[in-house]
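Peer 1: Handing you this structure, nothing more for now.
The values are calculated or read from the model by the stated rules, or taken from the named source; none is laboratory data. This structure is a prediction, so every number in the text was calculated from the model and none was measured. Every residue, glycine as well, gets a Cβ built from its backbone with ideal geometry; the counts of neighbours run over all protein chains shown. Surface accessibility is based on the protein's heavy atoms, side chains included, excluding ligands, DNA and RNA. Shrake-Rupley method; radii C 1.70, N 1.55, O 1.52, S 1.80 Å.
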Amino acid sequence: MATTAAPTVNCEGESLLASVEEEDFSTIPTRRTNQRQRHHHRRQRRRRPTTTTTTPRHATILLLCTVMNLARFVRPFSPHAARTTSIVPSRLCGRAAQLLRTSSSTTTTALSALSSSSSYDVIVIGGGHAGTEAAAASARTGARTLLVTQNSSTLGELSCNPSIGGIGKGHLVREIDALGGVMGTVADESGIHFRMLNRRKGPAVRGPRAQMDRDLYKENMQRTFLEGGEDGGVMDNLEILEASADDLLLDEGEGIETLVPFADPADEDGDSNGGNDERARLERARSLSSARANAPSRRARIRGIVAIDSATSQRIEIESSTVVLTTGTFLRGVLMIGHDRYVGGRHLRDSEEVEPPSVGLALTLERFGFPLGRLKTGTPARIDGRTIDWDVCAVQPSERPASPFGHVRQARGEEPPLAAAGNLIDCYQTATNEETHRMVMEYAHLLPQYDGMDGKGNGPRYCPSIYKKVERFAERKSHNSFLEPEGLNTDIVYPNGMSGPYPEEIQLKILRSMKGLEKVEIVRPGYDVEYDFVNPQALTHTLEAKSIAGLYLAGQICGTTGYEEAGAQGIVAGANAGRAAGAAYRGERPPAPFVLGRDEAYIGVLIDDLVTKGTSEPYRMFTSRAEYRISLRADNADLRLTRKGAEHGLVTDPERLAALDMRQALIADNIDRLRNFKLFVTDWAERGGNDLMGGAAAHRKGRESHKKSAEEVLGMPNVSLKMVESIMADVFDEEQKEEEKQSTTVMVDGEGEESSPSSEHNNSIKDSALPKMSPTPSSVYDTVEASVKYKSYVVRQEKDIESWRKAQGARIPPNIVYDHAIMPTFSKEEIEKLERHRPSTFAEASGISGLTPQSLVYLYHHVMKLNKEERRRKREESNSVAV
């Protein structure tokens, strides 16, 4: 067995064992050319908006950081402590300095200097959305966790769009919160504009979305980590190190034994499938994540990392039995504006400086045969809100009351804090036009030349650049752009939908062609970043690499796009790394892997899609990707996942579990009330109108003696819970008035005995006495309504999925025509991929990334119809020949 570090990479980012390709990468400039400098000086002459990031005491803070770096204290880790609360970055800066500046004299902060002998259960590399969720999840399982980030002041940075949630994405945030994650809580604390997308559609596809104050989001995320411990210090079981992860420490050998195994469900007694196909599928996924299943493909196991301390540039080795890689766009990242290319993972906010890419980790993954590819993403220019003509733009106000992401806040019936205080903003809408599109195409030759897709770049299909929009939808004369302020105390505005890495002067021309932006000024130009990703088919459902035991990947490195997708992967990777490593450290038996099924969560859909189908372009979550989407609603994420999270050590907050119990009880009580309240069909029609009961049919002969419960009525189309409860409340009011009239005491034989005459009216209205009427609380309203309305659809959903699974072996005719006119429900992506791959069976079709379950079922019915027509044609031909 060989014990090695992967090829050494120096702190300038150049491999000491560089190949020709690696040398080519190292020749890309680390800073921009004179053109960029000219742009910088021109921007300096423009009027710049004020932001909250500038402080008159900046020099004092820097001095404080330097002094504290020199005055480190060593506080050794106690392996016997159940929960560890010591920890602070090796270099205190950013938020930590702010805390010291604003804290009272009673607040103390311990400093920990890492030594070469430091050892952890889990090391998380990267402090983005995947990294923060992974580190928090690992720490909650009790594992000794180290979060390594180049710059702690960027922890929780919203690198692109200052928003959280959306269609499909909002479901992921709710699920992250249900599992005890941090994203939902931080988003609630930082939200300044809230909307429920798809509100006019069914509850299954509604997506909560919130605009963030970018500074507040980062500040609240950092507070969660730096003040989230039981003692008010750093989050329990967590340390944070400011350093660049340079490489992995590995023990190598074909079929090497893992030190952090998962149990194989096949070794456990009993059958947990219960005859359910999805449960059987989940058990297979868990089995494939076990140590036994991956032994043949295993070539190494994690021993730790090599890091370069950000403060001292010292090379340090840190031991760990598991590592979670969440490198985002940093894996051999290259930034681009026009034809200008320079290495980096992203720009620092409000700065010309860039954060350096990760080269050594990419070389190690390449050496071990990981399937690497190149993806790109982009961010639009930031513009000065004081130069926008807001009056000509369409206003998009925030909704009130605002719906929170956090289930605990929802159970309390609270709005997010800034919404409750009335500190909300308006967003605005403008649009491109034909002149905009002309310039977009005219200057296309000035766009960057990418490494992927023959120089065109492989970017997100569902968050495309303005060039891709105009090219792909040439028939459209305009595209919407939403102007989203980045905070309460800044004039910077994010023009959503306008990314395009043209030279800065061209970006300005394009923006000024739009309504309301005729005099706009750019604060910072937009840019693209191209980076390496790993085809996620190299991972198991726990997000552990098949070839390197103890190595987990999460976020954009797995080919996804978006904060929410990254956070969802982070919580699964961190949970599994923490559970496996923690059990091994404590000498316990291997735990069962934490794997979510496609019928349990959108997180399960996301990870199953990635590891079974892979992806050739940035993957984005949509509700259409889930075959069980009727059951996987944003309103019931806690009911689906919180109990399971508690069983796996992810949910440790008693209030969260109490909130779940309260919501479950309220939902059951309110559904029971609907089930027990009954009226004659004619009474329902009288009180709610004929439309409530299906029109004139409500008055057919015999219907006057037929009763329906409120639950049955709510299950009908175009009937809302509010309508049903309004009728119920009217009935209760009438009964109370009737009871008051009958409350006169009738004296019989001189004794005080009450007489309550029978009432035909009462008997016709309800079967038994009902409790006093009160509307369904807002904390469970959506769940009660959806649970009742979707009851019959869930049964139909199961039948569709079952018929589809039985059809996996059916053949698809080779001459089938894939055209939107024939298949109107298919997206352009699905038509393109079916035409490109032309699968011969439905099993092959189901393996194509991007095809939704609904479209596969539609294709199945379409093929069955074609086959039926073909059989009829042949029968007719045979009959004509016989005649």
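Peer 1: Express the carbon and sulfur contribution to the solvent-accessible surface of segment 381-538 as a percent, rounded to the nearest whole number, probe 1.4 angstrom.
Peer 2: 48
Peer 1: Strictly over 19 Å apart at the Cα level, which of K707/K737; K799/K874; K833/K868; K469/K828; K169/K546; K515/K828 would you flag in this model?
Peer 2: From the list (K707/K737; K799/K874; K833/K868; K469/K828; K169/K546; K515/K828), the Cα-Cα distance tops 19 Å for K707/K737; K799/K874; K833/K868; K169/K546; K515/K828.
Peer 1: Hey, with R₀ at 35 Å, roughly what FRET efficiency would E832 and S297 work out to, going by the Cβ-Cβ distance, to 0.05?
Peer 2: About 0.60, to the nearest 0.05.
Peer 1: Run the quick spin-label model on V395 and S119: label points 7 Å from Cα toward the beta carbon, then report their separation in nm to one decimal.
Peer 2: 6.3
Peer 1: Which of the lysines could a cross-linker span from K519 if the Cα-Cα distance has to be under 20 Å and same-chain partners fewer than 8 positions apart are dropped?
Peer 2: K519 reaches K509.
Peer 1: Shifting gears a bit: Between A843 and A821, with labels modelled 7 Å along Cα→Cβ, what's the label distance in nm to one decimal, could you check?
Peer 2: Here the answer is 3.5 nm between the modelled labels.
Peer 1: To continue, here is another question. Pulled fully out, how much extra length does the chain show between D800 and D669, if you take 0.36 nm times their separation in residues and subtract their Cα-Cα distance?
Peer 2: Full-extension gain reported as 44.0 nm.
Peer 1: Hey, another quick one. Enter the Cα centre distance for the pair segment 706-739 and segment 235-264, rounded to the nearest angstrom.
Peer 2: 59
Peer 1: Pull out the extension gain between Q537 and E655, defined as 0.36 nm times the separation in residues minus the alpha carbon to alpha carbon distance; nm, one decimal.
Peer 2: 38.7 nm
Peer 1: Using 7 Å Cα-to-Cβ label points, what is the K201/E734 separation (nm, one decimal)?
Peer 2: 3.9
Peer 1: Let me spell out the model: positive unit charges on the Cβ of Lys and Arg, negative unit charges on the Cβ of Asp and Glu, origin at the Cα centre of segment 280-367. What dipole size does that give, in debye rounded to 20?
Peer 2: For this selection, approximately 880 debye.
Peer 1: Please work out how much length the chain gains when fully extended from R223 to N867, using 0.36 nm per residue of separation minus the C-alpha to C-alpha distance, in nm with one decimal.
Peer 2: 225.7 nm
Peer 1: Next question, about the same structure. Counting other Cβ atoms within 10 Å, keep those with at most 15, restrict to DSSP loop, and tell me which trypsin sites (Lys or Arg not before Pro) in segment 476-555 are left.
Peer 2: R476, K477, K519
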